[in-house]
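Before any comments, here is the structure.
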Amino acid sequence: MIGSLSIMIIHLIQSAGYGGVFLLMTLESALLPIPSEVTMPFAGYLAQTGALSLPIVVLVGALGNLTGSLIAYAVGYFLEERVILSFIKRYGKFILLSSDEYLRAVSWYKKYGSSITFFSRLLPAVRTFISLPAGLAEMNVWKFSIYTFLGSVLWSFVLAYIGYYLGAHWDAIAPVYNKFQLFVIVAVVLLVLYYLYHKIQIRKKK
C-alpha cells in the first residue's frame, strides 16, 4: 500500500503535522487524487504515539474536507455543466475522475436531494465528486457546509481511529477498511431507504 504518493503523504504529515493533514484532506475534496485512506490512518497512528491529538486530527481532517468541498462546490456553481464535462473528458485521467463517475454523482444528487451530501461522505468514489452537482444545483451553501462537515467528521474519525487502533501497523488498513466500507454502504442504503419512506409518508398525509 505504501507507494510513492503514500510516502509523500507520510513525509508531509511528519513535517507539517496538523497543517499537512488539513492540506491533504483539502486537496482530496478539491478533486485531486490524494487518498484519505492513507492520510487519516497515518495521522491516527501519530496520535497513538502522542505526536498528535486524535480529536484535533479528526477536526482538522473534517475542516480540510469542508474547505476542499467548498472549492469543488464553487466550480460547479460558477461553471456550466458542459464546461465541466469537457474538462473531465480531457483531463479527468490526471485526477482519476471519469465522466461516468461524475454523471453517477449527478444522478445520486438528483435522486436523493441535498441529504446525499451527508451520506456521500461515507461512500467510495461518489464522496469526492458530489460537491460538483451540489454547486450546479445551487444548493444552499450553509446547508451544504453543515451536511458536508458532519459527514466529514464521521469519515475522518473512523479512518483516524483505525490508524490509532492499528498503531504501527496502520498501513495494514486494507482488510479493516474493506469490512468497514461494506458496512457503511449497507448502512447508507438503509438510511436512504428510511429517508425516502419518511418522505413518502409525509406526502401521503398532506
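The values are calculated or read from the model by the stated rules, or taken from the named source; none is laboratory data. Since the model is a prediction, treat every value here as computed from it, not as a measurement. Neighbour counts are summed over all protein chains in view; Cβ atoms, including those assigned to glycine, are modelled from backbone coordinates with ideal geometry.
When you check Leu159 against the structure, is it aliphatic (A, V, I, L, M), at pLDDT 65 or above and in contact with an Asp or Glu (Cβ under 8 Å, 6 or more places away or on another chain), yes or no?
Judged against the criteria, Leu159 is a match.
Only one of Ser98, Ser86, Ser107 is modelled with pLDDT of 80 or more, surrounded by fewer than 16 Cβ atoms within 10 Å (Cβ to Cβ) and more than 14 Å from the chain's Cα centre (by Cα). Can you tell me which?
Ser86
Mind checking which helices (runs of 4 or more DSSP H) fall wholly inside region 1-106 and carry at least 2 residues that are among the basic types (Lys, Arg)?
Result: 81-91.
Does Val184 qualify as being within 17 Å of the chain's Cα centre (by Cα) and at pLDDT 90 or above?
No: the conditions fail for Val184.
Identify all residues within region 36-58 that are surrounded by fewer than 19 Cβ atoms within 10 Å (Cβ to Cβ) and among the hydrophobic types (A, V, I, L, M, F, W, C); write none if there are none.
Matches in region 36-58: Ala51, Leu54, Ile56.
Which residue is surrounded by the fewest Cβ atoms within 10 Å (Cβ to Cβ), if the candidates are limited to region 9-35 and must be touching a residue at least 60 places away in the same chain (Cβ under 8 Å) and of a type outside the set (S, T, N, Q)?
Filtering region 9-35 for residues that are touching a residue at least 60 places away in the same chain (Cβ under 8 Å) and of a type outside the set (S, T, N, Q), the one surrounded by the fewest Cβ atoms within 10 Å (Cβ to Cβ) comes out as Pro33.
Every residue, every condition in (1) within 19 Å of Arg104 (Cβ to Cβ); (2) of a type in the set (Ser, Thr, Tyr); (3) modelled with pLDDT under 80, yes or no:
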position	(1), (2), (3)
Thr128	yes, yes, yes
Leu132	yes, no, no
Leu150	no, no, no
Ile173	no, no, yes
Lys199	no, no, yes
Ile202	no, no, yes
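Here are Val38, Val83, Val58: which of them is among the β-branched types (Val, Ile, Thr), within 28 Å of Asn140 (Cβ to Cβ) and in contact (Cβ under 8 Å) with a residue 12 or more places away in the chain?
Val58
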